[in-house]
Amino acid sequence: MFFYLLKHRSKPKIFSFKWFKAWAKRIFHIRNLLRIIVKNSRLTNKGAEIGFLSVVGTTDIHGNLSKLKIGKECFIGSNVHIALHDNVTLGNNVVINDGCKLLTGSHDINCPNWSHVKAPITIEDYAWIATSAIILPGVTIGRGAVVAAGAVVSKSIPPYHVAAGNPARLVKERELKQLSHVTVHWLAPIEAWTGIPQRHFESNKAL
C-alpha cells in the first residue's frame, strides 16, 4: 500500500505552498497509515484475504480468518464485530460503518439440543452497511444496496435497494446505479497522498 501511494501521490509544484501542505499532511498521518498497513498484514498472515487499498478498523473478529474475504478499496469502521462461523465475503468498495455486526452463526430454536446453525454472509460491490446495523446468517446484500443505521437484516437485500428497520424491510430503490466512488480515498491517511479525487470536482461542476 505505501509504495503504491508513494508512486501515485499527488505532485504539486515543488516547494510551492501546496507541496509543503501535502508533505505536512503526509508526515502528520504517517502513523495512522502504518497502523492500517500493519493491521492488514496481521490479518492476512492469519489467513484472511484483503484486497488492494482496503482499510480495516478496530474490528472484533472471531473464528477462522481464512473464512474472511475482503475485496479492494473497502472500508470497515471501528467496533465492528465479525463472527466467522461461516464465510464472510465482501466485494469491492464496500463500506461497513462503526458498530456493525456480521453474524454467521446462531442456534436452532426448534432443536432440543439447541444445536448450532451457520450460513455465509455476502456483501456485494458498493454496498453500504450503516452504523450499528446487524447482518444475520445466510444474508446477501446486493450490489449498491444500502442498509440503514440500526437495521437488523435477516433476509437478503436486492441490488440497489435501501432497507431499514427491525426486522429490515425494503423502503425504496436507488435511482443511481452507475457507481464509481472509492470511499477510502477520502480517509485522511490516504487522501494525504492521493489528494481529493478528481471525480469530486467533475461532479460538482455538473451541479
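Output the Cα-based Rg and Dmax of the chain in Å, rounding Rg to one decimal and Dmax to a whole number.
19.0, 73
So, counting K/R as plus one and D/E as minus one, what does the shell of residues with Cβ under 14 Å around G91 add up to?
In short, -1.
Extension gain K69-K25, at 0.36 nm per residue separation less the Cα-Cα distance, in nm?
12.7 nm
Can you tell me which lysines have their Cα less than 16 Å from the Cα of K72? Leave out same-chain residues fewer than eight positions away.
Cα-Cα hits under 16 Å: K39.
Considering amide H positions built from the backbone, and no H for Pro or chain starts, which residues 5 or more places from V117, or on another chain, come under 5 Å of its amide H?
Amide H to amide H, under 5 Å and 5 or more residues apart or across chains, V117 pairs with S106, H107, D108.
Going through segment 1-46, which chymotrypsin sites (Phe, Trp or Tyr not before Pro) have at most 15 other Cβ atoms within 10 Å and a DSSP loop state?
On the way: sites: F2, F3, Y4, F15, F17, W19, F20, W23, F28; in loops: F15.
Taking segment 1-46 and a limit of 15 other Cβ atoms within 10 Å, the loop chymotrypsin sites (Phe, Trp or Tyr not before Pro) found are F15.
What nm distance separates the two modelled labels at D60 and E175, each placed 7 Å from Cα along Cα→Cβ?
Computed distance between label sites D60 and E175 equals 4.0 nm.
Here, each number is a calculation from the coordinates, and none is a lab measurement. Not measured: the values here are computed from a predicted model. Here Cβ is always computed from backbone atoms with ideal geometry, including for glycine, and neighbour counts include all displayed protein chains.
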